[in-house]
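Everything on this sheet refers to the single structure shown next.
Where a number appears in this text, it was derived from the coordinates with a stated rule and is not lab data. Predicted model, so just to flag it, every value in this text is computed and none were measured. Here the Cβ positions follow ideal geometry from the backbone for every residue, glycine too, while neighbour counts run over all protein chains shown.
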Amino acid sequence: MVLTSAHYAISFREASRPCYRSKNPPGLYAMILECYFDDSSDARREKYYACGGLIGSPAQWDRFDILWNTETKGLSKPFHATECECGYGQFKNWPKTRRDDLMARLTSVVRQLRLYGYASIVPVTAFKEVFPLLKEHEAFHVAIAHVAVNMAHIADRGNMDVAIWFENGSHGGAAMDIVDSLKKTAWKPAQRLKGPYFGPKELRPLQSADLIAREAFKHIDNLGVRPMRKPLIQLSEKLFFMLWNKGTLEHFAANGGPKNLQAMYTSADIPDVAKLNHFWKKSWGINEKTK
């Protein structure tokens, strides 16, 4: 799948730019950053896999915990974006207006604290075409690796370390292997990575990661079909999404694929390398159907 707008394309390395959009981005000058990521996909895992989350300083996350708890303290279970949107689980008897209001208040917490969001999205169909011998869940492992590489870039540019968190689950072993493999390379930014660490959904930053991953998946799934979603509009100035396409997956495969993570962090040095589609700032306004 390739978007018709080639203008909105970016290399792997350039993905670290969202946190440096101005000379003085607030809240990012600390000895260490913390980032929390979660996955999102469709029920059958046949469209896209998204790995998305938020980045901030420890002080920002401390304030976040208080504000998010204030908005969700009446819930019987940890917040799940899909349940809230669709009226499932603990939201089964909630009217849509009440669910929409909660979502708006939670996105307001993220916006108020000026946390930065990032997501990597892999199209499952294109992944299967390029990697026919791999299982579809390994598309998500590519997104995890992409996230880890770009968190290392961001931290290194700011001369900081970055603690990376994921939810406990079936992908934990893969996340551990990916981050450990990066740390063992000679690539200097990888030494900025701390963790990975894992926690349950009760960890509130992971609930916000669930929201961002969901919005990343839904934005790409809806592109050219439905209007931009309200939570995404509210957070758009602080979000940066990257969408793999068949060209970038083919380039990745030609350079070793998932077994050679070096292909991710050296791609910007190769002339004419295939570019990922990106969604950031003005590019959120595109409303073209994908091919």
Among Gly169, Ile32, Val273 - extreme Cα towards positive end, dipole of segment 9-285, charges at beta-carbon: Ile32
Qualifying aspartates and glutamates (Cα of each under 17 Å from Cα of Lys246; at least 8 residues distant if same chain): Glu46, Glu129, Glu136, Glu138, Asp221, Asp272
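With all distinct Cα pairs included, what does the Kirkwood hydrodynamic radius of segment 106-185 come out to in Å, to one decimal, could you say? If you can, show how the numbers build up before the last one.
Details: mean 1/r = 0.0688 Å⁻¹.
Mean inverse Cα-Cα distance, inverted, gives 14.5 Å.
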Nonlocal amide H pairs with His278, under 5 Å, H built at 1.01 Å: Ala9, Ile10, Leu243
For peptides 155-161, 115-121, sequence by mean Cβ density within 10 Å, most packed first: 115-121, 155-161
Order of Ser40, Ser181, Ser236, Ser76 under a 10 Å beta carbon neighbour criterion, fewest first: Ser76, Ser181, Ser236, Ser40
Computed lengthening from Met228 to Leu133, 0.36 nm per intervening residue step minus Cα-Cα distance: 30.7 nm
Candidate aspartates and glutamates for bridging to Lys281, where Cα separation is under 12 Å - those fewer than 8 sequence places away on the same chain excluded: Glu237
Sequence of Cys35, Cys84, Cys51 once ranked by neighbouring C-beta atoms within 10 Å, starting from the fewest: Cys84, Cys35, Cys51
